[in-house]
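Visitor: Below is a structure I'd like to ask you about.
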Amino acid sequence: MATAMYPPPPPFYKLYKDYSQDPDSAPSPPPPIQGPYVLYGASYTTDDVLPGLEEQGVRQLYPKGPNIDFKKELKSLNRELQLHFLELADVLVERPSQYARRVEDISLIFKNLHHLLNSLRPHQIERRKQAVEDITRRREEAQRLLKEALGTLDGQ
């Protein structure tokens, strides 16, 4: 009995273009969603915007404003986290019934650390985009120079 290694594609694949043949013969898939949308009852957006901690109902432990020293604040939060872990260990040994407040404090510090790290992401993404644009520009320049050199060689 012979069996196929993979199952055949679902029948709806015929609705979309076959780019190896005539590109105008079949309809295109729908364009990607832009802006807000609802999925499973929750609202989402395609805009990459990091909401503030206050918008999420979390108290911010580091200073507000555009001129944040990320390195200094991350170190400060890390030291505070270590201190709270030591206090939690002490509370668990001495007064186990009072651990909940310490765990909430640790959770708050982690949320602040996470938010601070995520606010660094746009800068990293922008740097990568600039690097890709620079590489693309240099590649196009190199291709142009090669075409000129080939044209010069063909003319001789």
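Visitor: How far apart, in nm, are the 7 Å Cα→Cβ label points at Gln34 and Lys147?
Guide: Placing both labels 7 Å along Cα→Cβ, they lie 3.0 nm apart.
Visitor: Can I ask one more? Can you pull out the trypsin sites (Lys or Arg not before Pro) in the range 41-109 whose DSSP state is coil and whose Cβ has at most 12 other Cβ atoms within 10 Å? Working shown, then result.
Guide: Numbers: sites: Arg59, Lys64, Lys71, Lys72, Lys75, Arg79, Arg101, Arg102; in loops: Arg59, Lys64.
Here the trypsin sites (Lys or Arg not before Pro) that fit, given the DSSP loop and packing criteria, are Arg59, Lys64.
Visitor: What ³J(HN,Hα) values, in whole Hz, does the Karplus curve 6.51 cos²θ - 1.76 cosθ + 1.60 give for the range 31-47 when θ = phi - 60°, with x put for Gly and Pro?
Guide: x, x, 6, 10, x, x, 8, 10, 9, 6, x, 9, 8, 9, 9, 8, 6
Visitor: Along the three principal axes, how long is the range 52-155 when you take its alpha carbons, biggest first, rounded to the nearest angstrom?
Guide: Taking the Cα atoms of the range 52-155, the three principal extents are 90, 27, 21 Å.
Visitor: Oh, and also: Taking only Cα atoms, what is the 0 to 90° angle, nearest 10, from helix 70-94's long axis to the longest principal axis of the chain?
Guide: The angle comes out near 50 degrees.
Visitor: Treating the beta-carbon of each Lys and Arg as +1 and of each Asp and Glu as -1, no other charges, what is the dipole magnitude of the range 73-133 about its Cα centre, to the nearest 20 debye?
Guide: In debye, rounded to 20, the range 73-133 gives about 280.
Visitor: Further question: Give me the net charge for the shell around Gly65: Cβ to Cβ below 14 angstrom, other residues only, Lys and Arg +1, Asp and Glu -1.
Guide: Details: positive: Lys64, Lys72; negative: Glu54, Asp69, Glu73.
Once positives and negatives cancel, what remains is -1.
Visitor: Still on this structure: Per DSSP H run of n ≥ 4, the term is -39500 (n - 2.57); total these for the chain, divide by its residue number, and report the mean residue ellipticity at 222 nm rounded to 500 deg cm²/dmol. Working shown, then result.
Guide: Working: 2 runs with 82 residues, N = 156.
-19500 deg cm²/dmol, from helical runs alone.
Visitor: Can you put Ile33, Ile68 in order, fewest other beta carbons within 10 Å first?
Guide: Ile33, Ile68
Visitor: Calculate one ³J(HN,Hα) per residue across the range 6-13 by plugging θ = phi - 60° into the Karplus curve 6.51 cos²θ - 1.76 cosθ + 1.60, and present them in order as whole Hz with x for glycine and proline.
Guide: 3J(HN,Hα) across the range 6-13, in whole Hz: 10, x, x, x, x, x, 6, 5.
Visitor: How far, in degrees from 0 to 90, does helix 99-155 lean away from the longest principal axis of the Cα atoms of the chain, to the nearest 10?
Guide: Value to nearest ten degrees: 20.
Visitor: Separate question: Can you give the net charge of the other residues whose Cβ lies under 12 Å from the Cβ of Arg121, counting K and R as +1 and D and E as -1? Numbers along the way, then the final one.
Guide: On the way: positive: Arg127, Arg128; negative: Asp48, Glu126.
Computed value for this residue: 0.
Visitor: So for Ile109, Ile135, fewest C-beta neighbours within 10 Å to most, what's the order? Mind dumping the intermediate values first?
Guide: Numbers: Ile109 19, Ile135 10.
Fewest-to-most ranking of Ile109, Ile135: Ile135, Ile109.
Visitor: Among Ser97, Ser43, Ser107, which one shows the biggest mean-square fluctuation in a GNM of the chain, springs joining Cα atoms closer than 10 Å?
Guide: Ser43
Visitor: Ala100 to Glu87: extension gain in nm, 0.36 nm per residue of separation minus the Cα-Cα distance?
Guide: Values: separation 13, 0.36 × 13 = 4.68 nm, distance 1.20 nm.
Between Ala100 and Glu87, full extension yields an extra 3.5 nm.
Visitor: Can you tell me which lysines have their Cα less than 22 Å from the Cα of Lys111? Leave out same-chain residues fewer than eight positions away.
Guide: Hits, sequence-local ones excluded: Lys64, Lys71, Lys72, Lys75.
Visitor: Okay, next question. How about the range 55-156: which GluC sites (Glu not before Pro) there lie in a loop by DSSP and see at most 15 other Cβ atoms within 10 Å? If you can, show how the numbers build up before the last one.
Guide: Working: sites: Glu55, Glu73, Glu80, Glu87, Glu94, Glu104, Glu126, Glu133, Glu140, Glu141, Glu148; in loops: none.
Within the range 55-156, no GluC sites (Glu not before Pro) qualify (loop, at most 15 other Cβ atoms within 10 Å).
Read the figures in this text as sums done on the coordinates, not as results from a lab. On a predicted model such as this, the values are computed, not experimentally measured, just so you know. Backbone-built Cβ (ideal geometry, glycine too); neighbour counts: all protein chains shown.
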